[in-house]
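Down below is the structure, laid out as structure tokens.
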Amino acid sequence: LRQQGIQEINETEELSKVNDIRVKMLGKKGPLTAVLRGMKDLSKEERPKVGKFANEIRDELTKAIEVKKAELTAAQLNEKLAKEAIDVTLPGKPVIQGQPHVIQQIIDQLVDLFVGMGYEVAVGDEVEQEEYNFERLNLPKDHPARDMQDTFYVTPSVLMRTQTSPMQARMMEKHDFSKGPLKMISPGKVYRRDTDDATHSHQFHQVEGLVLGEHVTMADLKGTLEVVAKTLFGDQLEVRLRPSYFPFTEPSVEADITCFNCLGKGCAICKHTGWIEVLGAGMVHPNVLKMSGVDPDKYGGFAFGLGPDRFAMIKYGVEDIRDFYQNDVRFLNQFNQKG
Ligand code: FA5
């Protein structure tokens, strides 16, 4: 009985079978129980001997079963661990991270530059009152210049701002000049009923700049614009200023940068001029100062409004502004700063 039990236990390789053996050998209907039950028929002398022997066998088998059980449980666990092993040295799958849109990257660069020069950043609302978008910028209702910027109206007096210039009026009306000059930039989206083409979009971006103080001159404007152009494009592209007209500046200029495509030779993108217009600027008109409560005899300065969309086109040689707005990740990933 002992031999048979030990042999069966040793030979089994499955945990469930070990239990079967236990039931078979040590259970109520097993041979050992039968031996113990039959003790009552034995003589007084035989009983203790047989009893002792049967108990020894039971203890031995019970121990063998426990040992086997522990052995098989450990083997099962080892097998599971081996199967589920993780090789921490394998390269991981890259996690795709979001990143700022290429136009936002240009805006961030501009913000960094101007903050470094002591400007404050003021973000205005895209939905603006007509008064701030036009009247307060010296464009009364019947002014012909309103035709320059076809407008999306929300109500007769509220509109989608056509430019970031309303932030000029909003900032100057609350500025305390006793604390120093006003130097601010205002980046954001603007909207116009322009027909979309390679260089025009009905929604685009502008960064407004305004510097007002006691001795601010046109030379300061020119120097500032040159710093902007050099920081963004390096020295290889040229900037030129052309006389222009904006109702809120006098004199007014428009700044062009060498066409990225033909490098000044003339092509379809720059309409064969060799230049791409990137910003409007000028010295703030005295009427605008007066309307916002600033004394034009004491304070004056310059303002500019530049187009980061156009800057991005020039910087990266993008031929169609509409590419920025299609959300094609294959296009946008080209400007992934993380490489
Ligand atoms: C203005 O919007 C003036 N507020 C700029 C200004 C500010 C002048 C302060 C003087 C003082 P303009 O309409 O030219 O000006 O637009 C300014 C720039 O925005 C342009 O030079 C161009 O880079 C960009 N821009 C204009 N229209 C579009 C368009 N439809 N799509 C993309 N960029 C445009």
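Binning all Cα-Cα separations of region 45-99 at 5 Å, short to long from zero, yields these whole-percent fractions: 4, 14, 9, 10, 9, 8, 8, 7, 7, 5, 5, 4, 3, 3, 2, 2, 1, 0, 0. What shape does region 143-275 have by the C-alpha gyration tensor, where a ≥ b ≥ c are the square roots of the eigenvalues, rounded means a/c under 1.5, and otherwise prolate means a/b greater than b/c and oblate the rest? Oblate. Which one, H205, G307, I269, projects farthest toward the positive side of the charge dipole computed for region 184-318 from Cβ point charges (K/R +1, D/E -1)? With unit charges placed on the Cβ atoms, the residue in question is I269. Which whole-angstrom value gives the distance between the alpha carbon centres of region 57-76 and region 232-278? Here the two parts' Cα centres lie 89 Å apart. Can you classify region 90-201 as rounded, prolate or oblate using the Cα gyration tensor, where a ≥ b ≥ c are the square roots of its eigenvalues, rounded means a/c under 1.5, and otherwise it's prolate if a/b beats b/c and oblate if not? Oblate, because a/c is 1.5 or more while a/b does not exceed b/c. Charge dipole (Cα centre; +1 on Lys/Arg Cβ, -1 on Asp/Glu Cβ; no other charges) of the chain amounts to roughly 2500 debye.
On the principal axes of its alpha-carbon atoms, region 236-296 has extents of 46, 21, 14 Å, going from largest to smallest.
Given R0 = 30 Å, the distance between the Cβ atoms of K265 and Y245 translates into a calculated FRET efficiency of 0.60.
Work out how much length V115 to E135 would gain on full extension: take 0.36 nm times their residue separation and subtract the Cα-Cα distance, in nm to one decimal.
That pair, V115 and E135, stretches by 4.3 nm at full extension.
Expressed as a whole percent, the accessible surface of the chain that belongs to carbon and sulfur atoms is 53, based on a 1.4 Å probe. Normalised by 2.2 N^0.38 Å, where N is the number of residues, the alpha-carbon radius of gyration of the chain equals 2.12. Taking all protein chains as shown and a probe of 1.4 angstrom, R22 keeps an accessible surface of around 100 Å². Tell me, Kirkwood radius of region 100-143 from alpha-carbon pair distances, in Å? Radius from the Kirkwood sum: 13.0 Å. Sorted from greatest to least, the principal axis extents spanned by the alpha carbons of region 267-339 come out as 53, 34, 20 Å. For the chain, the solvent-accessible area with a 1.4 angstrom probe is 57 square angstrom per residue. The label point for F177 and the one for E66, both projected 7 Å from the Cα toward the Cβ, are 9.8 nm apart. Measuring against 28 Å, Cα to Cα, the residue pairs K29/K52; K290/K315; K189/K222; K174/K298; K183/K315 contain K290/K315 as the ones spanning a longer distance. Heavy-atom accessible area for S16, with the other protein chains in place and a 1.4 Å probe, reaches approximately 70 Å².
The values are calculated or read from the model by the stated rules, or taken from the named source; none is laboratory data. Computed from a predicted model, the values in this text were never measured in an experiment. Using ideal geometry, Cβ is built from the backbone for each residue, glycine included, and neighbour counts are taken over all protein chains shown. Just so you know, the surface numbers come from the protein's heavy atoms only, side chains and all, with ligands and any DNA or RNA stripped out. Shrake-Rupley method; radii C 1.70, N 1.55, O 1.52, S 1.80 Å.
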